[in-house]
Structure formats: structure tokens, C-alpha cells
1. Pull up the stretch 168-203, narrow it to residues that are buried (at least 20 other Cβ atoms within 10 Å of the Cβ) and within 19 Å of the chain's Cα centre (by Cα), then point me to the one that is nearest to Ile95 (Cα to Cα).
2. Condition (residue is on the phi > 0 side of the Ramachandran plot and in contact with a strand residue (DSSP E or B) (Cβ under 9 Å, 6 or more places away or on another chain)) applied to the stretch 173-196: is it met by at least one residue?
3. Of all residues being assigned to a strand (DSSP E or B) and either within 16 Å of Ile41 (Cα to Cα) or polar (S, T, N, Q) (or both) in the stretch 119-137, which is farthest from the chain's Cα centre (by Cα)? Just the residue, please.
4. From Asp111, Asp74, Asp115, grab the single residue that is more than 30 Å from Ser344 (Cβ to Cβ), assigned to a strand (DSSP E or B) and not polar (S, T, N, Q).
5. Anything in the stretch 39-71 that is without any contact (Cβ under 8 Å) to a residue 24 or more places away in the chain and not in a loop (DSSP other than H, G, I, E, B)? List them, or say none.
6. Got at least one residue in the stretch 116-123 being out of contact with any His (no Cβ under 9 Å at 6 or more places or on another chain), basic (Lys, Arg) and either surrounded by fewer than 18 Cβ atoms within 10 Å (Cβ to Cβ) or modelled with pLDDT of 95 or more (or both)?
Amino acid sequence: MRKTIGALITAAVVATVPQLVRAADPPTVPSWSDTLTAWGITANGYVAASYYASNGYPFNIHQFDINHDSFQLDEAGFQVAYQPAKGFGALVDLIAGEDARILHIAEDGNDNTFDIRQAYIQYATGPLTVIAGKYVTLAGAEVINPTGNTNYSRSLLFTESEPLDHTGVRATYAVTSTFSFIAGINNGWNVTSTSYGSKTGETGISWTPDKYFSLATTAYFGKTEYLPGTSDLVDADRTLIDVVATFNATSQLTFIINYDWDQQASPGGPGSTLPTATWDGVAGYANYQFNSAWRASLRVEYLDDKDGFLTDTLDGQHLWETTLTFGYDPTAHFELRLEGRYDSAQTKIFYHSNPADYYEDETGPDLADSLSEIALQGVYKF
């Protein structure tokens, strides 16, 4: 009997000791990401770098891919936001690199490889959301953030036909779960601050009736301080009508159409003999996902520079471009992109030599009516 009682006591002690040891272990500390999520804060970032080779310098019609045979840090970006469904919130979006340099120049003419792409406060109540500060434009099928695009290079429409960002106030009202109306007032196109009272208005609608189709239409109208791509002051009207339609044919195949119509008053500055300049264009995209790792994106584009405003030609001209991009995702966080692009125009507008050389030897520019390029880009998201 004593042996049996002793055995039971021993078994009870053995079973209890691990429980006592586990109870003495320090509590599990939540991760930083879990803490942010619990607070309702989101944080994400990316790094995009590339090697770009071309037989010319397309700075006059391309937005970011303008350097020649060069390695570069395209963008390093980080965004943190607190955007509750009700009440006040805020978002801060920072970028650095060559794209930030060009964006900063477009905003205030200063050369800086760092830019605050977005920074705004937000108030949401029911179907209404209002933001005030600096934010990206509503227009276009492509965005500044490379992770939001299917191609390495940006379209011709992205370059001067569409703004990049705005500073002002924007309100979005969700009429239904599928239809939203947007209205705002801004300092202008890519202008962070002004010393004049003229403003640019924005209106837009967003309609997504089902998972197969979506339509977004945006209009910008009002005064702009600077002529596009220049530091020439001109307090003149500028108008843009932008339409983006997306059709998801299958789970693997998507088609996108982006149409822009633009008009600029006093295109030559104050006292211009041409009262207005008008141009329009259309870009079509076909994106196909072969499997979880491989995809392809084809972009075909046409731009009608009717009055020669964008390309600085007297009689105007048509431009075309075709771009094919292959993407390879070995992991969920990294993509490698290989792209080939061909641009053509009716007149010789593409620089085949560095424009800076023309001023050194006082020779005429080496121009051509076509441009070919190839690029390799790596994008890491975290």
C-alpha cells in the first residue's frame, strides 16, 4: 500500500512540475507589426532600382526614365497611415531617389532626391471622407509608386497630360457601395504653395458595378501657375478630362483603356499669339498572368499633339509608343521586370546625344524620329 501511495505522489509531482515551469516563463511580447495593427496603423514600403539603356535621351516626352545607360535608385518609399472608418486620421508618404528628384522639380523647380509625396489629415463620417493637405492626383491609369504599375516606364499621357500631385482639400462621397463622387479644390498641378488666389477644381466619379468592370472619370479645370515642364509663370486656364476603364476578362487577363483630353490657355506665356493649345491621347493595356510567378504587360499608345505644345513643333504631330514588360515574382515580396519600348513621332524630336553637349560645342542637336530602350528593374516590397 505504501508503495502504491508513493507512486501516486511521484506521478502527481512529475505532472505538476512542467506546469509550474511554464507558468514561470515570461509572457510573450507582441511584435511591432501586431502592435501597429492593434492601434489601427498601417505601415509599408518598397525599394525599386533599375538599369536603363536607350539610344537617346527621352526627357522631353518621358517622365522618369530619362537617364541614359545608367544604374539608378528609382524610388525608395515608406508610408504610414491611421485611417479609421469614422473620425480623424492621417497619412504620410515619403519617397527618395531619382523619381523623387523629378517630382520635386515639377513641384517647385528645386533639385532634391527626397520628396513628401503625400501628407494629409483625414476625417471620415458615414459615406463621406474628407482629406486636406498634399495628395496624389485622381487622373490616369498609372501612378508615381512603381509597385502600382505593370510597366517599368510611364506612358506618354503620364508625362505632361496628367498632373502628379495636388495640395488642397478633397471630399469623397460613397453614394452606394459601387458608386462614389469626388470633388476638391487645389493650388494647381504639382504646386505645393502659391502666392496668388487662382485655384484648380477637381471632380470625379468612380463606378465598380461588379468584379469584371470599373470606370473612373476625372476632370481638372481652373488656373495653373506654371506651364507644364517649365518655370514660366502663366496664370492661365488649364483643363483635363481623364477616363480610365478596366475590364477583367478572366482571373488572368485584364484590359485597361486610359483617354485624356487637355487644353492650355496662353500656351506661349503672357501675350501668346496662340490663344489655346489642345491635345489628346489614348493608352491601351493588356495584362496577362501566366502563373503565380510570371506575367506580361503590353501597352500601346497614341498621342495627338494638335498644336505642337508638348513637343514644341509648329504644326503639331502624332506620337506612338509600344511597350512590352515581363514580370517574374520568385517570392511574394520581390519582382524582377524586363522591358522593351519603342517610341516614334512624325518629326525629329528625340535627342540621340546628351543635350548638354550642344551648348559646349555650339552644334545643332542630334535628333531622330524614333527611340528604342530596354530596362531591367527590381522591386522589393515590405
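1. Asn190
2. yes
3. Thr125
4. Answer to the selection: Asp115.
5. Going through the stretch 39-71, the residues without any contact (Cβ under 8 Å) to a residue 24 or more places away in the chain turn out to be 69-71.
Passing the criteria: Ser70, Phe71.
6. As a first pass, look at the stretch 116-123 and keep what is out of contact with any His (no Cβ under 9 Å at 6 or more places or on another chain): 116-123.
Those left that are additionally basic (Lys, Arg): 117.
Retained after the next criterion (residues that are either surrounded by fewer than 18 Cβ atoms within 10 Å (Cβ to Cβ) or modelled with pLDDT of 95 or more (or both)): 117.
Yes, the stretch 116-123 contains at least one residue that is out of contact with any His (no Cβ under 9 Å at 6 or more places or on another chain), basic (Lys, Arg) and either surrounded by fewer than 18 Cβ atoms within 10 Å (Cβ to Cβ) or modelled with pLDDT of 95 or more (or both).
One line per residue, one yes/no per condition, for (1) modelled with pLDDT of 95 or more; (2) crowded, with 16+ Cβ neighbours inside 10 Å; (3) outside any loop (DSSP other than H, G, I, E, B):
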| residue | (1), (2), (3) |
| --- | --- |
| Gly269 | no, no, no |
| Leu274 | no, no, no |
| Gly281 | yes, yes, yes |
| Tyr285 | yes, yes, yes |
| Ser297 | yes, yes, yes |
| Val300 | yes, no, yes |
| Leu303 | yes, yes, yes |
| Phe309 | no, yes, no |
| Thr313 | no, yes, no |
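The values are calculated or read from the model by the stated rules, or taken from the named source; none is laboratory data. In this text the structure is predicted, and so the values were computed from the model without any measurement. Note that each Cβ is placed from the backbone with ideal geometry, even for glycine, and that neighbours are counted across all protein chains shown.
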